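Just below is one structure, and these are the notes that go with it.
No lab work stands behind these numbers, since they all come straight from the coordinates. Given the structure is predicted, the values throughout are model-derived calculations rather than measurements. Here Cβ is always computed from backbone atoms with ideal geometry, including for glycine, and neighbour counts include all displayed protein chains.
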Amino acid sequence: MPTTMKAIRLHEHGGPEVLRHDDVPVPEPKPGEVLVRVHAAGVNPPDWYLRGGLTNVPAKLRPKLDLPVIPGTDVSGVVEAVAADVDDFSVGDEVFGLIRFPGFRGGGYAEYVAAPASDLARKPAGVDHVHAAGAPMAGLTAWQFLIEVGHDHPSPFQAARHRPMTIEPGTKVLVNGAAGGVGHFAVQLAKGKGAHVIAVASGAHESFLRELGVDEFIDYTKSRPEELVSGADLVLDTVGGRESRRLLRALRRGGALYPVFFGEYDDEENAKLGVTVSGVQVRSNGAQLAELGRLLDTGEVRVAIDGTFPLADARVAHERAALGHIQGKIVLTVAR
């Protein structure tokens, strides 16, 4: 067992160039943790928010960050050691997980990571480490927004607890940003419940989304979805921002809009339209990940990979992410 490892660290905030490939000590698992030898690590928006100094997070909600820090919350790998009080996993188990989220000390961009056992699930046997590493954050976000929250922690962005609408055959669901990480999971989970799914993305992603089973496709570069869709039960908006409010017009009275990223909404307008705007902050949850893992194993849900990059090339992976129009997930691979 080595005592040092390669890891990507931030010593300062900035662009992709601040990601440094360092030699650091291998972490030791604390009580309740296991040491995972990482085979692949997923790249997620919070990774580049952290790299940039979390300037997009309201100042009062911004956590204090001590540098240097190893980013990364999504990993897939093999258990190398377990703390004495951990009974759920053994050395040699293949696992995947969303580590310590919400939070920015995941440590996943590394050859080894110490992770809370409760954040992990067994990797589906039929899914390789690259695809497994692409699943945790995006998959759990879609799951907690659409299927089951799975925790009682309130979102910092709203007072009320998020209660997912029941999705059943015939429920009309519009997914904005459908080809991205969260979006492509949301499409599949909604279809699995029998929903009529309308996907909004750029035209380059149409065939990909049709393969995932969407019933209708809207190219946002050519049409405004709120002008083509009416009477939707649910809108899941993975894009957010100032433009999100316009999607309220696609909803029926009694419908709901779930913003995955910050949006700007007006309570009076929502009340006048008779709609609900609600969200949840995704949290690590090994039990839910195990449920998602079963769907991945059977092929009912699949992970699309936009591209893979060696761990040492994390900077290039972040440069790819900055270009946008990602189809599925970007994943870092760790050489063995």
- Note on the structure: Ordered by number, the trypsin sites (Lys or Arg not before Pro) in the stretch 61-141 that occupy a DSSP loop and have at most 13 other Cβ atoms within 10 Å are Lys64
- Gained length - Asp219 relative to Glu12, 0.36 nm times residue gap less alpha-carbon distance: 70.7 nm
- Note on the structure: Exposure-ranked with fewest Cβ neighbours within 10 Å first, Ser202, Ser230 stand as Ser230, Ser202
- Query: How do His153, His129, His21 line up, fewest other C-beta atoms within 10 Å first?
  - Reply: His153, His21, His129
- Query: Say each of Asp128 and Glu243 gets a label point 7 Å from the Cα, pointing the same way as Cα to Cβ; how far apart are those two points in nm?
  - Reply: 3.5
- Nearest-0.05 FRET efficiency for Leu228 and Ser207, computed from C-beta distance (R0 22 Å): 0.65
- Message: At a 10 Å Cβ-Cβ cut-off, how would you order Val149, Val38, Val43, fewest neighbours first?
- Response: Val149, Val38, Val43
- Message: With the crude spin-label approximation of a point 7 Å out along Cα→Cβ, what separation in nm comes out for Ala84 versus Gln158?
- Response: 4.6
- Query: Quick one: length gained pulling Thr3 to Arg294 fully straight, 0.36 nm per residue minus the C-alpha distance?
  - Reply: 101.3 nm
- Could you check what % of the DSSP bridge pairs in the chain are antiparallel, to the nearest 5? 55
- So, counting K/R as plus one and D/E as minus one, what does the shell of residues with Cβ under 12 Å around His162 add up to? +1
- Selection of GluC sites (Glu not before Pro), the stretch 4-43, meeting DSSP coil and at most 14 other Cβ within 10 Å: Glu12
- Message: Between 0 and 90 degrees, rounded to the nearest ten: what's the tilt of helix 314-323 against the longest Cα principal axis of the chain?
- Response: 10
- Note on the structure: About its Cα centre, the chain carries a charge dipole, from +1 on Lys and Arg Cβ atoms and -1 on Asp and Glu Cβ atoms, whose size in debye to the nearest 20 is 580
- The rounded separation in angstrom of the Cα centers of the stretch 1-49 and the stretch 312-333 is 16
- Note on the structure: For Lys172, the lysines lying under 27 Å Cα to Cα, once residues fewer than eight places off in the same chain are dropped, come out as Lys191, Lys193, Lys222, Lys272, Lys329
- Return the Cα extents of the stretch 164-277 along principal axes one, two and three, sorted largest first, each rounded to a whole Å. 39, 29, 23
- Describe numerically, in nm with one decimal, the distance between label points set 7 Å from Cα along Cα→Cβ at Glu264 and at Leu323. 3.1
- Query: If one computes the Cα centroid of the stretch 234-250 and of the stretch 150-204, what distance in Å separates the two points?
  - Reply: 12
- Query: Hey, what did the chain get for relative contact order, percent, Cα under 8 Å, at least 6 apart?
  - Reply: 19
- Item | Helix 181-192 axis, angle to the chain major axis (alpha carbon atoms, nearest 10°) | 60
- Query: For helix 286-298, what angle does its Cα long axis make with the longest principal axis of the chain, in degrees from 0 to 90 and rounded to 10?
  - Reply: 80
- Could you tell me the largest-minus-smallest coordinate of the C-alpha atoms of the chain on each of the three principal axes, in descending order and whole angstroms? 60, 41, 38
- Message: Tell me which trypsin sites (Lys or Arg not before Pro) from the stretch 220-253 have a DSSP coil assignment and no more than 13 other beta carbons within 10 Å of their own.
- Response: Lys222
